[in-house]
Amino acid sequence: MGDSRRRPVGWVVPLAVIAAWQVLDDTGVVAFEFLPSPRAIGRALSDVVWSGELAGHLLHTAGITLLGAFLALATGGALGLGVGLLPRLRINVLASIDVLRTVPAVSLMPIALLALGPAPVTELLLATWAAQWAVVVNISGGVRGIPERYYDVARMLRLTRAGILSTVVVPAVVPAAMVGMRLAVIVALHVTITAEMVMAPAGLGGAMVRAMQTLDVDRLWAYALACGVLGAAVNSGLRRLVAALLPGSPADHRVVR
């Protein structure tokens, strides 16, 4: 069964939960002070959308996320290629990479805040730091997985090192790089929203914190919903991009059974 046929079925459970949630709230069976009904959340979401408030916060969070993921692709791609291609570099830095990529970005936020202050560049650096490791791991693994016969053909054709890199290595690791990019964007989004909540009163995370501080529960849930929609939209967009650029490759979600 194709993905297009399965997709409507996936909406059954969440829609049923939302409907049951609304019915329980209307009948008074469930009445929590800080758990508004879906109808109240929808009204709050409509208010922030039509007032233009949501657009500004959304652009800030999405901008930091995408820029951080792009920088992560650049830095992580270069490091991943180096680790995959150069055995001496791999021996010297692989242990350090394994340690550094396990350090939670949240634990670095107080240090970054003291060093750089509550600025967008601080969010960007944290998002880039956390997101680059997915790119490093995927690209270095992709390089090391290139069949040796590809290099044999390149040597037979007397390609230079630059020629081997551009005609053999880079095309072979593109699927792994796309997988790493998808993971990097999601990681960057998580770190960006967390950084906004902790230290920078901007974006969707900052809006959620302000709504919490003023006990505006409806708006808090509306912004939480907006975070979820942004994450789903970014992931869906990347899946479509991979499918368009690499149809039929292992990185294309449509080939997964």
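The values are calculated or read from the model by the stated rules, or taken from the named source; none is laboratory data. Owing to the predicted nature of the structure, the values given are computational and were not obtained by experimental measurement. Glycine also receives a Cβ, built like all others from the backbone with ideal geometry; neighbour counts cover every protein chain displayed.
Things worth noting here:
- Unmet requirement for E123, which otherwise passes all of (1) surrounded by fewer than 19 Cβ atoms within 10 Å (Cβ to Cβ); (2) under 13 Å from M199 (Cβ atoms); (3) of a type outside the set (S, T, Y): (1)
Okay, residues lined up against (1) more than 30 Å from S236 (Cα to Cα); (2) in contact with a His (Cβ under 9 Å, 6 or more places away or on another chain); (3) free of Cβ contacts under 8 Å to residues at least 12 places away in the same chain; (4) of a type in the set (D, E, K, R):
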residue	(1), (2), (3), (4)
V168	no, no, no, no
V174	no, no, no, no
V179	no, no, no, no
V191	no, no, no, no
T194	no, no, no, no
A207	no, yes, no, no
R210	no, no, yes, yes
V217	no, no, no, no
Y223	no, yes, no, no
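- Subset of region 14-54 (residues that are of a type in the set (A, V, I, L, M, F, W, C) and modelled with pLDDT of 80 or more): A40, I41, A44, L45, V48, V49, W50, L54
- Highlighted here are the helices (runs of 4 or more DSSP H) found entirely within region 95-163 that include at least 3 residues which are over 20 Å from I64 (Cα atoms): 120-144, 148-156.
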